[in-house]
1. Taking the highest mean first, how do the peptides 71-79, 23-31, 50-58 order by number of other beta carbon atoms within 10 angstrom per residue?
2. Find the relative contact order for segment 1-66 and round it to a whole percent, using C-alpha pairs within less than 8 Å whose residues are 6+ positions apart.
3. Measure off 7 Å from each Cα along the Cα-to-Cβ vector at Leu56 and Arg76, then give the distance between these two points in nanometres to one decimal.
4. For a quick check: with amide H placed at 1.01 Å from N, whose amide H comes under 5 Å from Ile34's, ignoring anything fewer than 5 positions away on the same chain?
5. Suppose every K and R has +1 on its Cβ and every D and E has -1 on its Cβ; what is the size of the dipole of segment 1-66 about the Cα centre, in Debye to the nearest 20?
Amino acid sequence: MHHYDEPVYLISIVSKILDIHPQTLRQYERENLIKPSRSNGKIRLYSQRDIDRIKLILRLTRELGVNLAGVDIILRLKENVDTMEREIADLRHEVEVVKNARSVSPEKALVTKKSVYEMIIFEGD
């Protein structure tokens, strides 16, 4: 079994798996929608992640009628949302760590909310 990001599939295999022409895959690469890895001999190699991304592109174009420019925008927005979701998860983890550490007792802490993004904690004696 291969790792999800391991580039192991040749363009001919991917085109058969997804029932699309290899030129379509090359076009997606020219449009920067996919970025397959290259072997030392410059042969395109696709990972399972690449295949899943191509499946999403095909779903958007075939089922929803989105053109490639629209697909590009959707994929960029999806990447931004994924990044923000990871950041939110990291911040939630940090908040839990701080809550569990209880470096300042709740009775001695004064919290002033200056904006949505800032929090100031003052320690007492």
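Laboratory data are not the source of any read-out in this text; all were calculated from the coordinates shown. A quick note: this is a predicted structure, and the numbers were derived from the prediction, not measured. No Cβ is skipped: glycine too gets one built from the backbone with ideal geometry, and neighbour counts run over all protein chains shown.
1. 50-58, 23-31, 71-79
2. Normalised by residue count, the contact order of segment 1-66 is 38 percent.
3. 1.5 nm
4. Hits under the 5 Å cutoff: Glu29.
5. 180 debye
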